[in-house]
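Visitor: Supplied in structure tokens, the structure appears directly below.
Nothing in this text is a laboratory measurement; each read-out follows from the coordinates by a stated rule. Fair warning: this is a prediction, and the values are worked out from it, not measured in the lab. Cβ placement follows ideal geometry from the backbone for every residue including glycine, while neighbour counts extend to all protein chains displayed.
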Amino acid sequence: MASITLENLVKKFGPHVTAVAGVNLGVEDGEFMVVVGPSGCGKTTTLNMISGFEVPTSGTLKIGERVVNNLDPGDRGLGMVFQDLALFPHMTVFENIAFGLRVENVPGPDVNERVSRVADTMKIKSLLSKKPAQCSGGEAQRIALARTIVTEPEVLLMDEPLSSLDAKLRVEMRTELKRLHEELKSTFLYVTHDQAEAMTMADRIMVMESGHVQQIGTPLEIYRNPINQFVATFFGQPTMNIVSGQARENASSLFSTEHFEMNLSLPSAPSFGGGKRVSLGVRSENVIIGDDGPEGIVKLIEPLGDETLVFFSCGSEELLVAKVSAEREFRPGDSIHFSFDPLGVHFFDSENGARLA
Ligand code: ATP
């Protein structure tokens, strides 16, 4: 097992494209780290530098205590699983898994023993004599993982390995990967654009945008204390409500927009001074539909089963969304009153999106 350290890692493609703009990250030995961000933010390039498929323009890359900037991919002690599983179609599942061991000239009985053990772990023992084409997408994914972990890499790198699976299988494989990580206790570095994958699997998450690290933290730290509006709205389903307005002086209290005023009853006055234009962020579970507050008109209802999303307007085109118990019934056109849970309110700078204390 090994840690991974990135120190001021930069990757430029030609004079105009900076794919990775100085990333600092320490992945601990045995940690499950997920790198997440929108398409083009530099996730894959970061992973490719760690794996050795891209050479950093500057900065230092360590696996354990070794600087690996100039080491060949094969000498870095890494296992890799990508979206394209690249299983050999003419070989059985057994031979696919055994391939890496055969290349390393591992003796036959040891190959049998190790393939059998890893097939047990991945619950694919019954597939060993099949060909990949006879396996389902989820099974093929597990075979690809088995083929990688059978070589006992110190670090497992994964780039969107679940993105070709259907929604149900993706959710199942998330659980499988977490279980696998618990069992192997090796270092996992996983790249995805899917915030739900990041939230559910990671010990810690690194959020990237435009080549820059936005925030590194545990899923709950990032969900509860996003560093800026980008991170706040990237995580969570539905997306956090953002309302533009002004928080009034000395009122821990009054927030006014073009369309409504609300007494926020904040635990303490915001430190940014009254009159400043800010963006208020509040997640759907912190929007209260009750007897108090401004009036809104229900526009849409989305039942989730145990809870219901109520989308409503309050003077503007943009809808706000509240998550309420499924017991409560609303219909489009209903008039409601809404308020925000003061402990769930965030303020962001209207200009640059930074979180305001
Ligand atoms: P996706 O989720 O779409 O795979 P990503 O976050 O992994 O995106 P990267 O593939 O790392 O993003 O790309 C980061 C930026 O670098 C993008 O703007 C991309 O166009 C650019 N880029 C990546 N590889 C090259 C290359 N070989 N030559 C030029 N530009 C590149």
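Visitor: Kindly state, to the nearest 0.05, the FRET efficiency for Lys12 paired with Ala86, given R0 = 25 Å and r defined as their beta-carbon distance.
Guide: It comes to 0.30.
Visitor: Using amide H atoms built 1.01 Å from N in the peptide plane, name the residues 5+ places from Val155, or on other chains, whose amide H lies under 5 Å from its own.
Guide: Long-range HN contacts for Val155: Gly79.
Visitor: Related question: May I ask you to derive the relative contact order of the stretch 22-129, considering only C-alpha pairs under 8 Å and at least 6 residues apart, and to give it as an integer percent?
Guide: Details: 50 pairs, mean separation 16.3, N = 108.
Result for the stretch 22-129 is 15 percent.
Visitor: Provide the gained length on full extension for the span Lys125 to Ser244, in nm with one decimal, where the gain is 0.36 nm per separating residue minus the Cα-Cα distance.
Guide: Value of the extension gain: 37.2 nm.
Visitor: Once you put a point 7 Å from the Cα of Glu182 and another 7 Å from the Cα of Leu319, both along the Cβ direction, what distance in nm separates them?
Guide: About 3.8 nm separates the two model spin labels.
Visitor: What number of lysine-lysine pairs in the chain show an alpha-carbon separation below 23 angstrom, given a sequence spacing of 8 or more or placement on distinct chains?
Guide: Count of close lysine pairs: 16.
Visitor: What length, rounded to one decimal in nm, is gained on full extension from Asp341 through to Leu220, with 0.36 nm per residue of separation minus their alpha-carbon distance?
Guide: Separation in residues times 0.36 nm, less the Cα-Cα distance, equals 41.7 nm.
Visitor: If you don't mind, another one. Sort all Cα-Cα distances of the stretch 269-357 into consecutive 5 angstrom bins from zero, then give the percent of pairs in each bin up to the one containing the longest distance.
Guide: 3, 13, 21, 22, 17, 12, 7, 4, 0
Visitor: Between Asp292 and His259, how many nm apart are label points set 7 Å from Cα along the C-beta direction?
Guide: 2.2
Visitor: Could you tell me the ratio Rg/Rh of the chain? Both radii from Cα atoms, Rh via Kirkwood.
Guide: Across the chain, the Cα-based Rg/Rh ratio is 1.07.
Visitor: Hey, another quick one. Of the peptides 331-341, 182-192, how do they stack up when ordered by the mean number of other Cβ atoms within 10 Å, highest first?
Guide: 182-192, 331-341
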